[in-house]
1. Is the C-alpha gyration tensor of segment 73-167 telling us rounded, prolate or oblate? Criteria: a/c under 1.5 is rounded; beyond that, a/b larger than b/c is prolate, otherwise oblate.
2. List the relative contact order of the chain as a percent without decimals, with contacts defined as Cα pairs under 8 Å and 6+ residues apart.
3. Using the Cα atoms as the points, what is the convex hull volume per residue of the chain in Å³?
Amino acid sequence: MDQQASSAGGVSNPTSVERRGHRELVITRTFNAPPNVVYRAWSQPDLFRRWWMPRSLTGVSLVGCDMDVRTGGKYRLEFGSGGSETMAFYGKYLDVVENHRIVWTNDEEQEGAITTVTFEDQGGRTLVTFHEAYPSPEALEEALQGSAAGLPEQLDQLAELLASLGS
C-alpha cells in the first residue's frame, strides 16, 4: 500500500504509506529542509494552519488551531465549511522533544489513536515518520478511508510550505 507523491517543483519524492499489522499505519517522507524547520511547521500554529488542511476538501477550512506543543500540553483543531457547525479534533501531547519527536493522543473518540511524528536529520534534509497506533482494526480501516487518506496530499502541501520558508 505504497503511494508516490510529488514534492514542490514537480520533483518526485516518495510518500510511503504502510499498514503494519492490524492496528498501525506508518507514513514516511523526506523533506528538503533541516529538522528544526520541519519541526516548526508541525509545532507552530501559524505554520501548521498553512499546510494541514488538504486543498482537495473544497469548502472546508481549519477555523480554529490551538496548539500548546509541549509534554502535557493540549491541542484543538476545529474544521468548518462556512456554517455554524464545526468538527473538532483534540487531545494532549504525551511526549515532545524539540526538533526530534511529537507524540499526541486523538481524544475526540473514546479510544482514539496515538500519533508519533519523528524528525530525523538526513544531512540537512529531514526524514519524517508519521506513526499511528489505533485501538482496533476497525478504527484503522475507518482512518484509511477518512483522515489518513489525505496525508500524502498534506505532506505535499508541507513540502511546498518548507520550500517557501527556505532553510
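1. On the way: a/c = 1.69, a/b = 1.36, b/c = 1.24.
Prolate, since a/c reaches 1.5 and a/b exceeds b/c.
2. On the way: 347 pairs, mean separation 44.5, N = 167.
Computed over the chain, the figure is 27 percent.
3. Working: hull volume 19.1 nm³, N = 167.
Enclosed volume per residue, from the Cα hull, is 114 Å³.
None of the figures in this text is laboratory data; all of them are computed from the coordinates on show. None of the values given here were measured: they were computed from a predicted structure.
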